[in-house]
Amino acid sequence: MPNPPYQADNDPMTEYQAQSLFEQATQLAHQTFADPSDEHVLGIYSRLIWNHQRGLGEDGATTLH
């Protein structure tokens with residue numbers, strides 16, 4: 001995935017946004033994996049934060065390599 005040359009012009013994340021992304025990560029983990037672990041959720045959550053900083057939504061948050 002190509003990296004954009006600069007981060008999106010976003011405001012800092014609020015506590016509400018962080019909690020919403022964590023809930024979204026939990027839901028995605030349960031949809032994607034049969035028995036998701038905490039590591040699955042945290043991995044997806046990390047990707048959602050990275051995506052949020054760049055304005056990308058949930059693109060690739062559950063992609064496995």
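Side notes on the structure shown:
- Cβ-Cβ distances below 7 Å connect the following pairs, each with a first residue in the stretch 13-39 that is surrounded by 13 or more Cβ atoms within 10 Å (Cβ to Cβ), a second residue that is polar (S, T, N, Q) and at pLDDT below 95, and a separation of six or more residues or different chains: 28/62; 32/62.
- Taking the criterion of being of a type in the set (Ser, Thr, Tyr) and at pLDDT 90 or above, the residues of the stretch 1-56 that qualify are 16, 20, 26, 32, 37, 45, 46.
The values are calculated or read from the model by the stated rules, or taken from the named source; none is laboratory data. No experiment lies behind these values; they were computed from the predicted model shown. Note that each Cβ is placed from the backbone with ideal geometry, even for glycine, and that neighbours are counted across all protein chains shown.
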